[in-house]
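The structure appears below as structure tokens.
What follows is calculated from the coordinates using simple rules that are stated; it is not laboratory data. Note that the coordinates shown come from a computational prediction; the quantities given were computed from them, not determined experimentally.
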Amino acid sequence: MWQVLFTEKSEQEIKSSIKKGDISEDDMRVISIWIKQVKKHGPESLGQNSNWNDHALDRQWSGHRASNYSFNGRIIYRVDGKKIIVKVVRITPDHDYS
């Protein structure tokens, strides 16, 4: 069984995005499905579902991966041993990860 942990910064960003309406209840349901899938089947299962469009990142995000939870929304995470650490959840309409 895998663990999914949120960094303090990502928790703050999620709360702020929910308050601003950038992350909807539907988005949170999809994010919950992502978490359950990773906990049960591990991060390698994300590549088996093309809906996540899971992919490696580069440049300043080298070592991290991103999964789509909506058309523009991304879950940015890194694998730390047998833990999934969710680094940032952000709405990025132009795919700007900075």
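Which label belongs to the value computed from this structure, given these candidates for P(r) over Cα pairs in 10 Å bins from 0, in percent: (i) 16, 54, 29, 1; (ii) 15, 51, 30, 3, 0; (iii) 13, 37, 41, 9, 0?
Correct label, based on the coordinates given: (i).
Provide the per-residue ³J(HN,Hα) series for region 58-66, in order, calculated from phi with Karplus coefficients 6.51, -1.76, 1.60 and θ = phi - 60°, each as a whole number of Hz, with x at glycine and proline positions.
10, 6, 5, 9, 3, x, 10, 10, 10
Pick from Ser16, Ser24, Ser62: which residue has the top mean-square fluctuation in a GNM of the chain where Cα pairs under 10 Å get a spring?
Greatest mean-square fluctuation among the candidates belongs to Ser62.
Between Phe6 and residues 5 or more places away or on another chain, which pairs have amide H atoms under 5 Å apart, with H built 1.01 Å from N, and which residues are they?
Hits under the 5 Å cutoff: Val86.
Cα gyration tensor of region 35-82, axes a ≥ b ≥ c as square roots of the eigenvalues: rounded (a/c below 1.5), prolate (a/b > b/c) or oblate?
Values: a/c = 1.89, a/b = 1.11, b/c = 1.70.
Oblate is the answer for region 35-82, as a/c is 1.5 or above yet b/c matches or exceeds a/b.
Defining a contact as two alpha carbons under 8 Å apart and six or more residues distant in sequence, what relative contact order in percent does region 3-91 show? Don't skip to the end; give the middle numbers.
Details: 127 pairs, mean separation 30.4, N = 89.
It rounds to 34 percent for region 3-91.
Which ³J(HN,Hα) values in Hz, rounded to whole numbers, follow from the phi angles of region 9-19 under the Karplus curve 6.51 cos²θ - 1.76 cosθ + 1.60, where θ = phi - 60° and Gly and Pro get x?
So the J values, rounded to whole Hz, are 4, 5, 4, 5, 5, 5, 4, 5, 5, 5, 4.
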